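Asks: Here you go, one structure.
The values are calculated or read from the model by the stated rules, or taken from the named source; none is laboratory data. All values reported here derive from a predicted model rather than from experimental measurement. Positions of Cβ are backbone-derived with ideal geometry, glycine not excepted, and every protein chain shown enters the neighbour counts. Heavy atoms of the whole protein, side chains included, go into the accessibility calculation; ligands, DNA and RNA do not. Shrake-Rupley method; radii C 1.70, N 1.55, O 1.52, S 1.80 Å.
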Amino acid sequence: MELERLADELTVCKVPSVESIDLTADFYFIGKTDEEISLVCRTADTPICTTARDDGWRSFRIRGVLDFSLIGILSRLTGILADNEIGIFAVSTYNTDYILVKNDDFDRALDVLTQQGYTIV
């Protein structure tokens, strides 16, 4: 399976409203529940008015479009990283899964996954 390294540094944060998010940005994830509005975006695109913020994330995604009938793909990846004491933050889209890893662990995470047979592009 191929994993695609993404170039941008990311921020995970909470915002008080969706109006503070630049919806014209090329890359972001919004999660809204009855308790919070979470945002993952490029660090350069992070709104000024965050209520909580964690910078220093990098990401990779599973390359291609994943069929919903596939089972355990994200579980296997996160299990390998957990076994190597690498924390993650995962988000999913309709097409695929994205895994965020802190900057300090990013290269090691990709090395560990390569050793387990994944191809990094």
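Asks: How large is the accessible surface per residue of the chain, computed with a 1.4 Å probe and reported in Å² as a whole number?
Replies: 59
Asks: Same structure, new question: If the chain between residue 4 and residue 119 were fully stretched, how many nm would it gain, using 0.36 nm times the residue separation less the Cα-Cα distance?
Replies: Net length gain for the segment: 40.6 nm.
Asks: Which chymotrypsin sites (Phe, Trp or Tyr not before Pro) in region 30-120 sit in a loop by DSSP (not H, G, I, E or B) and have at most 14 other Cβ atoms within 10 Å of their own Cβ?
Replies: Counting only loop positions with at most 14 other Cβ atoms within 10 Å, the chymotrypsin sites (Phe, Trp or Tyr not before Pro) in region 30-120 are 68, 94.
Asks: While we're here: Once phi is turned into θ = phi - 60°, what whole-Hz ³J(HN,Hα) does the Karplus curve with 6.51, -1.76 and 1.60 give for every residue of region 43-60, x standing for Gly and Pro?
Replies: With coefficients 6.51, -1.76 and 1.60, one gets 4, 5, 9, 5, x, 6, 8, 5, 9, 7, 8, 9, 8, x, 10, 10, 9, 9 Hz.
Asks: Ignoring ligands, DNA and RNA, what percent of the accessible area of the chain is carbon or sulfur (1.4 Å)?
Replies: C and S fraction of accessible area: 48 percent.
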